[in-house]
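Heads up, the thing below is written out as structure tokens.
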Amino acid sequence: MEEHCRKTKQPLVSCEAEDTIKGHKLTLEEKWAQALQTKGSKWKNNAVLDGAKLPDIVHVTIGAKVMVTLNINMDMKIANGSHGEIIEIIVDAWEPEQSTWQPRTELQYPPSCILLRLEYGSEGQANVLPEGVVPIFPEE
């Protein structure tokens, strides 16, 4: 992703991941239990998983190619395996205002929304967004 940012002159936007279960943030004990639960689990070809494989820091940038890993909205074709490109990052209202984005920008809060242009278009939500563009919100 850093190479993409250098080539496109787009900032690398980072924020701390907020791990949740059914809408509530994980406690330290729950994070530890999750890490222990998957630490010794085996995956394809007997490869051992290293913890939960979830990053502590999430990096996004305009133009990044992404893949949806959950069925979010089947009617709008936002489903597991869908590919797209990030076209806009909308920061949280509590985020301190920045006149310009630095090459590496660390957010204090997760983005409130990321606009994604799907490869295999979807109708814009309520005709407010262009065709093929869908909003992705943090999971509650």
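Between GLU106 and ASP75, take the C-beta separation as r, use R0 = 35 Å, and let me know the FRET efficiency to the nearest 0.05.
0.50
Would you calculate the separation in nanometres between label points at MET1 and ILE21, each defined as 7 Å from the Cα along the Cα-to-beta-carbon direction?
Result for the modelled spin labels: 2.6 nm.
So for each of 19-28, 57-66 I average, over its residues, the number of other beta carbons within 10 Å; can you give me the resulting order with the highest mean first?
57-66, 19-28
Fewest first, what order do TYR120, TYR109 take by the number of other Cβ atoms within 10 Å?
TYR120, TYR109
Each value in this text was obtained by applying a stated rule to the coordinates, not by laboratory testing. As the structure is a computational prediction, the values presented were derived from the model and not from experiment. Positions of Cβ are backbone-derived with ideal geometry, glycine not excepted, and every protein chain shown enters the neighbour counts.
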